[in-house]
1. Looking at chain B as a GNM with Cα springs under 10 Å, which of B:Glu18, B:Glu72, B:Glu89 has the largest mean-square fluctuation?
2. Tell me, what HN-Hα J-couplings in whole Hz come from the Karplus equation 6.51 cos²θ - 1.76 cosθ + 1.60 at θ = phi - 60° for each residue of the stretch B:81-90, using x for Gly and Pro?
3. Using a Förster distance of 25 Å, how high is the FRET efficiency between B:Tyr35 and B:Asp9, based on the Cβ-Cβ distance and rounded to 0.05?
4. Two-decimal Rg/Rh of the stretch A:462-549 from alpha-carbon positions, Kirkwood Rh?
5. Counting other Cβ atoms within 10 Å, keep those with at most 14, restrict to DSSP loop, and tell me which trypsin sites (Lys or Arg not before Pro) in the stretch A:384-433 are left.
6. If you fit an axis through the alpha-carbon atoms of helix B:52-61 and take the longest principal axis of the Cα set of chain B, what angle between them do you get, 0 to 90°, nearest 10?
7. Across peptide B:82-92, how many C-beta atoms of other chains are within 10 Å of each residue C-beta, on average?
8. Kindly express, to the nearest 10 degrees and within the range 0 to 90, the angle between helix B:38-48's C-alpha long axis and the longest C-alpha principal axis of chain B.
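The values are calculated or read from the model by the stated rules, or taken from the named source; none is laboratory data. Keep in mind it's a predicted model, so treat the numbers as computed, not measured. All Cβ positions, glycine included, derive from the backbone under ideal geometry; neighbour counts span all protein chains shown. The protein model used for the area step is the full one, side chains on, heavy atoms only, and it has no ligands, DNA or RNA in it. Shrake-Rupley method; radii C 1.70, N 1.55, O 1.52, S 1.80 Å.
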Amino acid sequence: MDRVNKAEDLRELRNRLIAAQDTSRPVVRVCLGPGCLAQGADKVAGAFKKAIKDRGLQADVKPLIKETGCHGFCKLGPLVNLDPSGLFYAQVKPEDVEEIVEQTLVKGQVVDRLLYTENGNQYQTASEIPFYAMQQKIATRNLGLIDPILLEDAIINGAYLAAAKALSYMKPEDVVKELELSGLRGRGGAGFPTGRKWRSAVDAAKKSPGMVYIVCNGDEGDPGAFMDRAIMEGDPHGVLEGMLIEAYAVGANQGFLYVRTEYPIAVKNLKRALDQARDLGMLGQNILGTGFDFDVQINRGAGAFVCGESTALFSSIEGKAGEPRAKYIRSVERGLWGRPTVLNNVETLSNVPVIIDEGGDWYAHIGPANSPGTKAFSLVGKVKNVGLVEVPMGVPLSRIVEDIGGGVPGKDHFKAVQTGGPSGGCIPYSLKDVAVDFDSLIKIGSMMGSGGMIVMDDTDCVVDVARYFLHFLEEESCGKCLPCRLGLKGMVEFLDRFSRGEGSEEELDELVSLGEAIKDGALCALGGSAPNPVLTTIRYFRDEYLAHIVDKKCPAGVCKSLITYSIDTDKCTGCGLCVRNCPQSCITGETKTPHTINGEACVRCGMCLESCKFGAINVA
Amino acid sequence: MKKKATEIDAILDRYPGEPRYLISLLQDVQAEYNYIAPENMTLICDHVGVPLTQAWSVATFYKSFSLEPRGEHEIRVCCGTACHLKGSERLAQSLERDLGVERGHTTEDLRFSLDTVNCLGACALAPMVMIDDDYIGGATQRGIRKYLKKI
Ligand SMILES: Cc1cc2nc3c(=O)[nH]c(=O)nc-3n(C[C@H](O)[C@H](O)[C@H](O)COP(=O)(O)O)c2cc1C
Ligand code: SF4
Ligand code: FES
Ligand code: FES
């Protein structure tokens, strides 16, 4: 592809690419996001390529195959979208491909059985489906649309136009001002205003002339979230463009992209995008002839949650163990190698090009005044439409979980929703209409966090969930400061005891005090927010804790020490499958007569429950 | 190991001899050899100019480095939040029982390494288990057992 030497070149290149497109040529988009991939989307894409080759389709019906990032509705994967018809096929298997090629591509007909149906309505296109219709996509705008390995595709969809506008027609100061005007707040968890952070870096650099660095945080530590992964995999140029604009605004010539090591596809796609951007002339020396130089280096994380924290992340980039340091001096002033450094999250940065394009004022008018814009969530757990969603800030929680998410399968409503991952809190159903924005969530004891949204129903135990997050953080604590190292251990011990039905109501109060003390005393936000899941669950689900401690019961049937497995003699046919599978050999009974479980030896592994075909195993 | 390991020198040559490249080198060596052997650690330290003790402390701080050889097959049980709610803990425990190793470790015959990981991005299929490059959605104890028998 041609190199662009000035802003005008980029626009011309885009026009040329658009003109060269054959708009009558069908496009088949196969989602290869992580959810669809796990459901065999790569085989579907392969089947398309093969079918097209085998049939030797005529030029006018020979489709362009695009392998895209997460389209959003992971539950229905593998997803196939067709253009120009706009058809949306769900749960496509390799065996279905032949029919799609024959019916839709060759004959122009719809394969009804692959359409999505909900409440008796059949939908032909994605945009009509309630799941999509209620969303507004900014940060995830290109996901599912472009093929992340094709630079042309990104350019046709407007990649780097905003950067060209910023570099060629705006002063760095104007860019900072635009971000301030937009009101964008960091999507990595803390919600710090992005424009203000950039301004501090500019000021710090004035005081201490020399190198300024920018870092994009793609560490995505929340153990139940995949928004940043989806963005990095599905729209790598969008992230790089955000970094380029930021670098220009704060006067940085070197950027670092810190990507979680468990995301090999993200690393691969970003690396390819870096090479493409360098060849195009959007990274490197004298970008667009403006005299501005900027390049990006990718650093892979090495499996430590605490490295998402700014000072730990900088240590890690410097090649050291990732331990946070006290922030007497803010990292925008002294970050990497002691120089001013701006850290922003992946999703934050992928909003930036749109803000420059449409204007800060436009952005500021989406959502509530204090938390403008949209937010991406990975909506998971006990919800029908598991997937990646992006909505304006401030929408009620119930809109996301019930209207977009379709509610809890087989249940009237959810029991709780965890936002903010391990640093967040558990929101009970009674607060289902809380506005989902930074400030409203903090008010009720939770937080926005990076965007994990986990729906729980009455078979999920809040004590267990609190224990899960705390265990996670206890393991991930770097151990540098005492409140976190010992305090979290102490909290875990309390919860371990409660989950075994031990403890007392006084201890519950002690746990709360301990949590409050850790919040005040920890050095970094890992420890500082670790008690949140525990504190919110005690606040909203005290009865459930008491059921464990006082009644020795786990109402949800989760906590191992408080449940027993038994066999329903009416349902048991005596087939013996459970006997063969039980690792403890603690199920006995004659063939064809109801069996029994010896409770003493049972380790509650759930093997019998899993193997029984008659639903005869009770857990209570 | 499927492919012949790249010569360690070739890996070292990928980065300038500066302390900041310690982690990148450890990662590349880990990726290539499956673990960081003591002799390779020494070579890395000489290359980037970092004392051995410091390199060991870095290598033990980060979970993705293994100082022992890993198994032929990697079993990764997703213990992300969505998978946890769908019983991933039971899966992890049953694998520990079946293989006779704790998570984070490798069987004595070097056949399997068992690990737990965070969200694999496929929560729609929770609980998820990855065995080498294969995703197993809606994983069950029995299903995993069958799968392991086949490989
Ligand atoms: C323990 C800990 C883990 C964090 N993990 C992440 C993470 O995985 N991704 C992220 O973007 N921010 C993470 N953060 C927040 C970052 O430190 C930082 O605030 C953020 O990247 C700044 O970008 P933003 O202003 O664009 O949100 C974490 C913070 C702490 C204390
Ligand atoms: S709060 Fe925890 S993670 Fe943070 S510095 Fe202290 S010990 Fe380390
Ligand atoms: S991965 Fe295909 S829709 Fe999410
Ligand atoms: S939590 Fe297991 S795949 Fe997301």
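1. Ranking B:Glu18, B:Glu72, B:Glu89 by mean-square fluctuation puts B:Glu18 first.
2. Karplus-based 3J(HN,Hα) across the stretch B:81-90 equals 4, 4, 5, 4, 5, 9, x, 5, 4, 4 Hz.
3. Values: r = 18 Å, r/R0 = 0.74.
Once rounded, the FRET efficiency stands at 0.85.
4. My calculation puts Rg/Rh at 0.95.
5. Answer by residue number: A:Lys411.
6. Helix B:52-61 sits roughly 20 degrees off the main axis of chain B.
7. 6
8. 50 degrees
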